[in-house]
1. Once the Cβ-Cβ distance between Leu177 and Thr130 is put in as r, and R0 is 41 Å, what FRET efficiency do you end up with, to the nearest 0.05?
2. Along the range 115-131, what does the Karplus equation 6.51 cos²θ - 1.76 cosθ + 1.60 (θ = phi - 60°) give for ³J(HN,Hα), rounded to whole Hz, x for Gly and Pro?
3. Stretch Arg113-Arg55 to full length: gain in nm at 0.36 nm per residue minus the Cα-Cα span?
4. Name the lysines eligible as straight-distance cross-link partners of Lys182: C-alpha to C-alpha under 28 Å, and not fewer than 8 places from it in the same chain.
5. How high is the FRET efficiency from Gln161 to Glu13, r the C-beta distance, R0 30 Å, rounded to 0.05?
6. Can you put Glu109, Glu100 in order, fewest other beta carbons within 10 Å first?
7. Between beta-carbons, use under 13 Å as the cut-off and find the net charge around Leu204, counting Lys and Arg +1, Asp and Glu -1.
8. Of the trypsin sites (Lys or Arg not before Pro) in the range 1-108, which ones lie in a loop per DSSP and count no more than 11 other C-beta atoms within 10 Å?
Amino acid sequence: MKPLAFPDLILFENDDYVVVSKPPFLPTLDERVGGAVNLLGLARQHYDDIQVGHRLDRDTSGVLALAKNPAAYRHLAMQFENREVKKQYHAVVWGTPQLEHQLVNRNIENTTRGKARLAYNGKPAETYFTTLDTFAKHALVLAEPVTGRMHQIRLHLMYLQAPIIGDGLYGGEDFYLSSLKKRFNLKEGEEEQPFIKRFALHALRLSFTGLDGEEITMEAPYPKDFRVLVETLRQYA
């Protein structure tokens, strides 16, 4: 496998911003002592002053914006603070909820390192959800977060009793093909692997305004694991 090259991830670039399609399993920032490969580290091999404008969880794939200079970073940070950035995510969830632009307005607080929970005294968090497609036991859901709390979409889907496939932290079990495919045979001694080896969440679209006032809207295509999951569920629906 060839090493990950930052230029291969780029969806859009101008003098101020780079918008990329982050692959799953790549941290946005350096999360461990010892400097594991991360998106910002890859970007800084090509741009000296670049900063990430926001974060995606390590397992979440999709569109992410980076600022190439301090003025661009401040401009984007203010838009996030004022809730002017439009974000759309796709999630594959357990159950077949019928959601039509349904608002979940439940506060969130961070707990131990790397985890959060719904809490009355937490920070305000709002997400709109719409069901795009239903399958036998699962659904494809559009999530439009208004705020940007840690693990917000994952927690709000758990609250709706529609946790994300593979999200063991928040009630989402792994999905195995044998649960749908009647004649599913493994070779002797083999153990069935989860169909997708992460939680099924993809940051599809991001819209913000550049320093020149022009709107920048970019979409990241599904990575292979997410695309094959949706296609397979559709096939067995």
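Rule-based calculations on the coordinates, nothing more; no lab input. All values derive from a computational prediction rather than experimental measurement. For neighbour counting, all protein chains shown are included, and Cβ atoms are generated from backbone atoms with ideal geometry for every residue, glycine included.
1. So, using R0 = 41 Å, E works out to roughly 0.95.
2. 9, 9, 8, 6, 8, 4, 8, x, 7, x, 8, 10, 9, 9, 10, 9, 6
3. Additional length available on full extension: 19.3 nm.
4. By straight Cα distance, Lys182 reaches Lys137, Lys197, Lys224.
5. 0.15
6. Fewest-to-most Cβ neighbours within 10 Å comes out as Glu100, Glu109.
7. Taking every Cβ under 13 Å from that of Leu204, the sum is +3.
8. Arg32
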